[in-house]
Each structure stands twice: as C-alpha cells, then as structure tokens.
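Colleague: Submitted below is the structure of interest, expressed as structure tokens.
The values are calculated or read from the model by the stated rules, or taken from the named source; none is laboratory data. Note that the coordinates shown come from a computational prediction; the quantities given were computed from them, not determined experimentally. Here Cβ is always computed from backbone atoms with ideal geometry, including for glycine, and neighbour counts include all displayed protein chains.
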Amino acid sequence: MAHNISERMFGLTQNNSTVREMFEEGNRLAALYGRENVYDFSIGNPNFPAPEKVKDAVFDVLNNEPSTMVHGYMSTAGYPDVCAAVAGSLNNRFGTAFDAHNIVMTAGAAGSLNVILKTLLNPGDEVVVIAPYFLEYGNYVANYNGVLVVAPPNAPDFQPDAEAIGKALTSKTKAVIVNSPNNPTGVIYSEETIKRIAAVLEAKQKEFGHAIYILSDEPYRELTYDGAEVPWLTKFYRNTIVGYSWSKSLSLPGERIGYLVIPSEADDSSLIIDAAAIANRIMGFVNAPSLMQRVVMHCLDERTDIGSYDNNRKMLYAGLKDAGFECAYPQGAFYMWVKTPCEDKEFCRLAKKYNILVVPGSSFACPGYVRIAYCVSSKTIEGSLPGFKKLAEELSL
C-alpha cells in the first residue's frame, strides 16, 4: 500500500528506537501491575529533582527581567551575556581562554550535535562512532546525508582502541564522535586514550590534507564517581568541538538547553561559528529556549545530587554481582553495562517476565550486553533485585 510520508521516515516508523519502545512498554506494564511493581530501567530520564537554585532562578528571572528578554528573540547564537558567562565558567574550570563568540546556545546536546553536523557535513561525508554508542547518532548523521562508520568495541574495559579508529578513517571522514562518560557503558575515556586518538587523527589529517573534527558529546560530564575526572578534549586536540547539555547535570532533560563550544584554534573556526548560528535558525530551532538561557546563566556552578546516583550505582552493582551477573563498575553517567549469558534480546524478553525492562546491547552496536539506566528511585532498584535474582536462577548463573 502506498504511503504519503518520506521513505526514510517510513523506515524509521518500522524500526523505532528500542529505548523508546521499552519506555512505552513500561507504561503498558505499569497500567496492568501498578507503577511500583514495574522496574523500568530503559531510559535515561533523571528521577531526581533539579537543584533548588534552578527553581529560584526561574522565579527570579520571571519576576525581575524584562518580558521581551525572558521570552523574546535574541541572536541565534544566544544571549551575549549568557554565552560570556558559559565561556567564563569553562575558563575557570579548565584553564581555557574562550569568550562569548566561541559559544552557541542550543536546544540540548542533541540539538548541539545536529547543528554541528548540519554545519560540517556534505552528502557522503563520513562520521566515525565508537561502539557501543548512543543509537541516535546514526539518525543524526543521516539527517544530513552523512555516512555513519562504526569503530568496533574494545571489551572488556571499553576504552576506545585508537588503532581501530584509525582503520575506520578514510579520506571522506569529516568527524569522530566521542562520548565520555559513555552512554551506555559508564566508562570515562582516559587521558591516555584521548592522547592516542588525537595522535591518530593528527596523522590522518596530514595524510588526507583536511581537518577531521572530534565532536565531544558531553551531557554526562558532571556525573562522575570516586573522584574520577573527565579530560577536557580541546587541550589535547585543537579540532575539537564540544556539545553539552544541562539535561543530566541539573536534571532538566525536558527543557532542552545546552551549548556548543567552537574553539578559535579549530580549523575554519570563524566560518564554523557563523554557520552553526545559521544552522540553529534554519533547522527550525531558531534559538535555544530564551527563559532557560537566562536561568542556566545563574546556575553554572550548580549540580544535581550525585550522591543519590552513587547510592543507586552501589546498590545495583552489589545486587547484580550477588546474583551472579558480570558487569562493569561505572565511572560516570548513570548506566550499568551488564554481560548477558544468552542473546541480549532474549535476555530482555526473559527479564520482562519479572517486570524488569532493560535495553539490549545490540541497540548500541554491541550485542551480548544490556544497559540498565539506574537514574531511578532507590525503591525501584530495591524492588527489582529479587527479580534479577530469579532471572539469574533461570539462566543457571
């Protein structure tokens, strides 16, 4: 039967995101068994409230700033004072030398990636991602007729293999997407790993005679444990462009507020900065949400309560290990990456018998694992552990 939507969107409707499908399945099961009896670990939707300072800032901005500023248009790159404040915050934290013109405010990290991919890609240009990777990257690259190239995973520690990345690079490579702390593994890419990747890219830039950009996707930068630090990539590779979101650090995923950092030392930086601002407009975002730009400017030093995530991390890890599962202890983000003793989709099917919803690793180009998002209430984790225990017994662990 003929249909009236684009072929690409028709294909996407037939192969919808597994994460979103599991999320909807959670809603269905909750209606049957009660929300408290469903253990939905499918989606990275923070369960913990935003810091009180965010609420205070919302009211302060609404009560004290002109309506035309709070709700009006501004430069498509963002309010100049907001961009300057973001640049100053980064400089204080990382010893950089950014100013307002290096910042483009965006509709979240996903908006950031789409803006910069729209800015950089010609049809047929290649973008390398490192498995396991956030599954929407493929859609973002395809939006601009780019080609996704997947570098293989490096189990068991999942630190990217620079040599494997080098083999994935060709004369058509325009960018490499790096995501640390990583979704889905929770791994932080070490300084040594970043240096090795940078060395490979420097050599390939010389070989191919054109820039290859690192696009550093950083929505989980502040979610780290045990004193771990996330390297700031522009210090190691000048052609790095950073995309950030406050979705996780301030528990604001629905507000869609983030930014791009485009360093002056990057090749064609002035052109990229101008083009990214235009891309923001012509893609239909027009500008990042005005109210939230004003709000986050007052909350640049605020963070959500990492202690709650840490408690969940420890409880879930201990429970899974006690049941016999093999899993990595995450350094950051809020995901547990668990090795499955059977095919990963079969594992997810069996887990649903106990009202446990997890996402198969094959959705992240890394079969044989599942992702468990532990940004849930502690009661959800406590309630799920007997089910995980029964699942382990069923799998003869």
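Colleague: Output yes when any residue across segment 84-98 is over 22 Å from THR185 (Cα atoms), within 17 Å of the chain's Cα centre (by Cα) and part of a helix (DSSP H, G or I), and no when none is. Steps first, answer last, please.
Modeller: Step one: of segment 84-98, the residues over 22 Å from THR185 (Cα atoms) are 84-98.
Add one more test, that the residue is within 17 Å of the chain's Cα centre (by Cα), and what stays is none.
No; the residues of segment 84-98 include none that is over 22 Å from THR185 (Cα atoms), within 17 Å of the chain's Cα centre (by Cα) and part of a helix (DSSP H, G or I).
Colleague: Select from segment 321-340 the residues that are crowded, with 16+ Cβ neighbours inside 10 Å and over 26 Å from the mean Cα position of the chain (by Cα) and list them in ascending order.
Modeller: Once the filter is applied, which keeps residues that are crowded, with 16+ Cβ neighbours inside 10 Å and over 26 Å from the mean Cα position of the chain (by Cα), segment 321-340 yields only ALA323.
Colleague: With the requirement that a residue be surrounded by fewer than 19 Cβ atoms within 10 Å (Cβ to Cβ) and not in a helix (DSSP H, G or I), what does segment 299-320 give you?
Modeller: The answer is LEU300, ASP301, GLU302, ARG303, ASP305.
Colleague: Residues of segment 342-366 being in a loop (DSSP other than H, G, I, E, B) and of a type in the set (A, V, I, L, M), which ones? Steps first, please.
Modeller: To start, the set of residues in segment 342-366 that are in a loop (DSSP other than H, G, I, E, B) comprises 342-343, 353-355, 358, 365-366.
Once the filter is applied, which keeps residues that are in a loop (DSSP other than H, G, I, E, B) and of a type in the set (A, V, I, L, M), segment 342-366 yields VAL358, ALA365.
Colleague: Moving on. State whether one or more residues within segment 290-297 are surrounded by 19 or more Cβ atoms within 10 Å (Cβ to Cβ), touching a strand residue (DSSP E or B) at 6+ places or on another chain (Cβ under 7 Å), under 22 Å from PHE98 (Cα atoms) and in the same structural domain as ALA84 (by TED's automatic domain parsing).
Modeller: yes
Colleague: Which of the residues belonging to segment 94-143 are among the hydrophobic types (A, V, I, L, M, F, W, C), surrounded by 24 or more Cβ atoms within 10 Å (Cβ to Cβ), out of contact with any Asp or Glu (no Cβ under 8 Å at 6 or more places or on another chain) and within 20 Å of TRP232 (Cβ to Cβ)?
Modeller: The answer is ILE103, VAL104, MET105, ILE116, ILE130.
Colleague: Can you go through ASN27, ASN64, ASN45, ASN37 and tell me which one is modelled with pLDDT of 95 or more, out of contact with any strand residue (DSSP E or B) (no Cβ under 7 Å at 6 or more places or on another chain) and either loosely packed, with under 14 Cβ neighbours inside 10 Å or not assigned by TED's automatic domain parsing to the domain that holds GLY254 (or both)? First the steps, then the outcome.
Modeller: Numbers: ASN27 fails: modelled with pLDDT of 95 or more; ASN45 fails: modelled with pLDDT of 95 or more; ASN37 fails: modelled with pLDDT of 95 or more.
Only one candidate qualifies: ASN64.
Colleague: Against the conditions (1) more than 20 Å from ILE272 (Cα to Cα); (2) hydrophobic (A, V, I, L, M, F, W, C); (3) outside any strand (DSSP E or B); (4) touching a strand residue (DSSP E or B) at 6+ places or on another chain (Cβ under 6 Å), where does VAL141 fall short? Just the number, please.
Modeller: (1)
Colleague: Could you list, in sequence order, all residues of segment 281-298 that are of a type in the set (S, T, N, Q) and either in a loop (DSSP other than H, G, I, E, B) or farther than 16 Å from SER251 by Cα (or both)? It would help to see each step written out before you state the result.
Modeller: Let us first name the residues in segment 281-298 that are of a type in the set (S, T, N, Q), namely 287, 290, 293.
Once the filter is applied, which keeps residues that are of a type in the set (S, T, N, Q) and either in a loop (DSSP other than H, G, I, E, B) or farther than 16 Å from SER251 by Cα (or both), segment 281-298 yields ASN287, SER290.
Colleague: If you take the residues in segment 195-225 that are touching a helix residue (DSSP H, G or I) at 6+ places or on another chain (Cβ under 6 Å) and either in a helix (DSSP H, G or I) or hydroxyl-bearing (Ser, Thr, Tyr) (or both), which one is farthest from THR240 (Cα to Cα)?
Modeller: Going through the qualifying residues, I end up with TYR225.
Colleague: What pairs come out if I take residues in segment 61-81 that are free of Cβ contacts under 8 Å to residues at least 12 places away in the same chain and pair them with residues that are surrounded by 10 or more Cβ atoms within 10 Å (Cβ to Cβ) and not in a helix (DSSP H, G or I) whose C-beta lies under 9 Å away, six or more apart or interchain?
Modeller: PRO66/GLY72
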